[in-house]
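In what follows, a structure is listed as structure tokens, so that the remarks can point back to it.
The values are calculated or read from the model by the stated rules, or taken from the named source; none is laboratory data. Just so you know, these numbers come straight off a predicted model, no measurement behind them. Cβ placement follows ideal geometry from the backbone for every residue including glycine, while neighbour counts extend to all protein chains displayed.
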Amino acid sequence: MQNQMMMQMSSLNRGYADYNISYTFVVTMKDGTKKEVDSKIYNDTIVKKNYLLLVDKSFKRSDTNRYKKIYPAQTISIARNVAAPGDVIHKNAVQPPPVYFKGMPSDSCWMFKVVAGPISAYSYLSEQEDDQVFNPYAVVAIQLNDGPLMPLTDENLKQMVGQDINALEDIQKKNYFRAIKKYNKDVEKAAKK
């Protein structure tokens, strides 16, 4: 699964700009400590894993200890606040409570659920589907109901959608994200009948 995901991550764009934006992530480490990390999600091509880059400003710029890579295997979870900041009228203005978009570690990356439904879709980037910078080609894993996470491949997706003609047409065109959305919509329609 790791090699499949890394191949998808390396051939990501397919006509989309590569929007990998730097965010403030709250990372829960394996020892239970939490760290705030301002970083993009980087791809280490040597070890074939994603990582965040933690900059410890207590060290001089020239010190090698200033920069630390945090890999998924070192973490329990990752999240970023997606709540829009409130309008600050004065210094005592009430801010909305944080709303976190959470990711879980896998062997090579963090997985962020970008589609929930009969088929859920997971992206290795933390942009949500309604973000302007969301890239559907960052989706690397799928899950049928409560089944296991599977790499997003033609075969796996075809097996999940079964005989859904609408979804199968999009799979033929390699538009996997739209196929997932159509399948979920068709299942929802069938349930209402």
Self-check item: Filtered residue count, segment 54-76, keeping only those that are over 14 Å from Trp110 (Cα atoms) and either exposed (fewer than 10 other Cβ atoms within 10 Å of the Cβ) or of a type in the set (A, V, I, L, M, F, W, C) (or both)
Solution: 10
Exercise. Scan segment 53-77 for residues that are closer than 15 Å to Phe112 by Cα and assigned to a strand (DSSP E or B) and jot them down.
Key: Thr75, Ile76, Ser77
Quiz prompt | Selection within segment 61-93 - modelled with pLDDT of 90 or more, of a type in the set (Lys, Arg) and over 24 Å from Glu127 (Cα atoms) | solution = Arg66
Practice problem: Among the residues of segment 59-78, write down those that are of a type in the set (Ser, Thr, Tyr) and either under 27 Å from Gly103 (Cβ atoms) or touching a strand residue (DSSP E or B) at 6+ places or on another chain (Cβ under 7 Å) (or both). | Solution: Tyr67, Tyr71, Thr75, Ser77
Exercise. Keeping to segment 102-139, report how many residues are acidic (Asp, Glu) and buried (at least 21 other Cβ atoms within 10 Å of the Cβ).
Key: 1
